[in-house]
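Each reported figure results from applying straightforward, stated rules to the coordinates on display, with no laboratory input. Everything numeric in this text was worked out from a predicted model, so none of it was measured. Positions of Cβ are generated from backbone atoms using ideal geometry, with glycine treated the same way; all protein chains shown enter the neighbour counts.
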Ligand code: PAF
């Protein structure tokens, strides 16, 4: 497995891939890899001749009061997991922004509300870095988890609006046996907080079975859970999306309504 740290080396590698005509699968991550990421990697390996995983904690998608500094960075474990999963290249740059960076990708409709309202500037950072990663790795297919539902919507729209030649593959959310959606941020949770987080996941699942009043019902239930602070519950199309704080940890999850 090759570990590439510089933009120039990544550009050379992806240019060679394009010449070879092989399908390239990209799995963009911020590291702290878990079974959710490994599911994306396995799917990419099944569908593409070459798989590149990017590991980059993108500073521009974090707000000033968010967890950029403490975001987990277990680099050695991440590389070991990628090696074991048969990844061909890991692109793990130190920095992707020049000091005079002043060009941004901004999706202005689907990025509003939900995460966009709670985390101003988040999707501008996401869209910008994802387009940079597409340009650097030149994938045929790129793999994203359904857990970040609004991120998926924004990236889909960006790809369509900016004619980016990549096929997006969206993979269902992976959950632990107790129902909690896998997330790198779950490692912040104490055992007591984890119990509260599991309650959040199970109430969301239950709400998805109540299409007539899912959002109102879930809001009411979540407000009653001790140790949990509700950020939002919103029904977008047929998908019920929610964000909560458990202690200092912000968790998001979503589920399609079962009609
Ligand atoms: O979903 C994530 O981990 C990040 O938002 C992404 C897509 C890697 C961009 O930094």
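Miscellaneous remarks
- Total residues in the stretch 214-233 satisfying the condition of being in a strand (DSSP E or B) and buried (at least 16 other Cβ atoms within 10 Å of the Cβ): the figure is 5.
- Look at (1) under 22 Å from residue 123 (Cβ atoms); (2) in contact with a helix residue (DSSP H, G or I) (Cβ under 9 Å, 6 or more places away or on another chain); (3) surrounded by 15 or more Cβ atoms within 10 Å (Cβ to Cβ) and you find that residue 162 fails only one, number (3).
- Applying a threshold of 7 Å to beta carbon distances and a minimum spacing of six or more residues, or different chains, the list of pairs starting in the stretch 46-59 at a residue that is in contact (Cβ under 8 Å) with a residue 40 or more places away in the chain and farther than 10 Å from residue 24 by Cβ and ending at one that is assigned to a strand (DSSP E or B) and more than 13 Å from the ligand (Cβ to nearest atom) reads 47/25; 47/141.
- Hits in the stretch 234-251 (condition: without any contact (Cβ under 8 Å) to a residue 24 or more places away in the chain and assigned to a strand (DSSP E or B)): 235, 245
- Listed by first and then second residue, the pairs with beta-carbon distance under 8 Å, at least 6 apart or on different chains, first residue in the stretch 132-151 and without any contact (Cβ under 8 Å) to a residue 60 or more places away in the chain, second near the ligand (Cβ under 9 Å from one of its atoms) and in a helix (DSSP H, G or I), are 151/126.
- Residue, surrounded by the most Cβ atoms within 10 Å (Cβ to Cβ), within the stretch 103-155, restricted to residues that are on the phi > 0 side of the Ramachandran plot and in contact with a helix residue (DSSP H, G or I) (Cβ under 7 Å, 6 or more places away or on another chain): 114
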